[in-house]
Amino acid sequence: MRAIWKGAVSFGLVSIAVKLYSATQEKDIRFHQVHRADGGRIRYKRTCSVCGEEVSYDDIAKGYDIGGGEMVVLTDEDFADLPLTTSHAIDVLEFVPAEQVDPILYNKAYFLEPEGAATKPYVLLRDALVDAERVAIVKVALRQREQLATLRVREGVLLLNTMLWPDEVRKPDFGFLDEDITVRPPELAMASSLIDSMAGEFQPDAFTDDYRAALQEVIDAKVEGREVVQPEEVEEAPAAAVDLMAALRASVDRARAARGEQPPAGEPTPISAARSAQKAPAKKAPAKKAPAGKAAGKTTEKKAAPKKAAEKKAAEKKAEPAEKKTGARKAAPKKAPRKTA
């Protein structure tokens, strides 16, 4: 890393010489504007809108538009007389609990490294901040402007976080803030259940920039002259639920399924609870129950009928051989008497 600023932390009567390093870096993939036909870079000329001449950097000054087409021109000499433009001091103003600083105020982060013989007072300030469990509110001049900042400890190093001034944070002005919206206790309980089912410990390394990775794959494929493998399609979200409770219940089911948890007994298990709320089937009217006496009589008759048929069939089988014998006897012809000579 390369130091971008050198100065000193003023801690009471103690001065700690430090170097300032940018603690973060952007990983966005940057492109140049080029001519589509031949890939040539597109260049822009700095021209004056009044005389039309090309202007070099040495002839460029800063102008403030006061309206009506009038411009106030400020030179380097004008900025040189402003306070703190050349000051290289980080003035500690007070020490406050970290939770009192709204994260919306944080802007950019810088590491501080002790310089020369300032290591011992540097470590002293670092350990004192850790023991007090507070952050230092400081003022520092960076990039030709005075900035409010905090000084805290991260991984054994003092970290400077520049901050926005309070008047740089916009006030939310939305119509729904004036509406009287009532949240029912069951809805709040279900939302709390959803939060509990999705609770975890924040691990930044678990999250990645999928878009940047896919874009880099496209660039690498172009360089190597190969085809780009299309990523898997993202599963479509289910249709919107009819009511808020159905959506919350379905969300809880999905969160539990993602964690491999089984829903408690008695609760609706499918994620389709939201969909079933849209098209609830019409309930069928319960069938009328027959009187006990009649139902029993019908059952007895049905059971008795096969029994009687079986008995009748058996009787017919018994009678059938007798009838055959009798018929045979009747049908037999009488033998004629022999004639004697």
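Structure above, values below:
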read-out	value
Unit Cα scatterers, Debye sum, region 85-217: log10 I(q)/I(0) for q = 0.12, 0.13 Å⁻¹	-0.78, -0.87
Rg over Rh, two decimals, region 114-186 (C-alpha only, Kirkwood Rh)	1.26
Cα centroid separation, region 114-178 to region 11-88 (Å)	25
Shape metrics for region 6-76, restricted to C-alpha atoms - Rg then Dmax, Å	21.7, 65
Spin-label pair Y44/S22, simplified geometry with 7 Å Cα→Cβ offset, distance in nm	1.9
Scaled radius of gyration (Cα, divided by 2.2 N^0.38 Å) that region 1-156 gives	1.45
Region 91-177: chymotrypsin sites (Phe, Trp or Tyr not before Pro) falling in loop per DSSP and having at most 12 other Cβ within 10 Å	F174
Nitroxide proxy distance, nm - points 7 Å out along Cα→Cβ at A257 and E217	2.5
M198/A98 FRET efficiency (R0 30 Å; Cβ-Cβ; nearest 0.05)	0.75
Region 1-117 - percent relative contact order, Cα under 8 Å, separation 6 or more	36
Per residue accessible area in Å² of region 18-145, where ligands, DNA and RNA are left out and the probe is 1.4 Å	78
Members of K6/K120; K19/K62; K108/K139; K6/K108; K108/K171 lying beyond 25 Å, as alpha-carbon distances in this model show	K19/K62
Paramagnetic reach from A132 (point 7 Å along Cα→Cβ, amide N under 12 Å) across region 70-107	92-98
Spin-label model distance (nm) - R143 vs A89, 7 Å beyond Cα toward Cβ	2.4
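The values are calculated or read from the model by the stated rules, or taken from the named source; none is laboratory data. Quantities reported herein were computed from a predicted structural model and do not represent experimental measurements. Every residue, glycine among them, receives a Cβ derived from its backbone with ideal geometry; neighbour counts consider all protein chains shown. We work out accessible area using only protein heavy atoms, side chains counted, and drop any ligands, DNA or RNA first. Shrake-Rupley method; radii C 1.70, N 1.55, O 1.52, S 1.80 Å.
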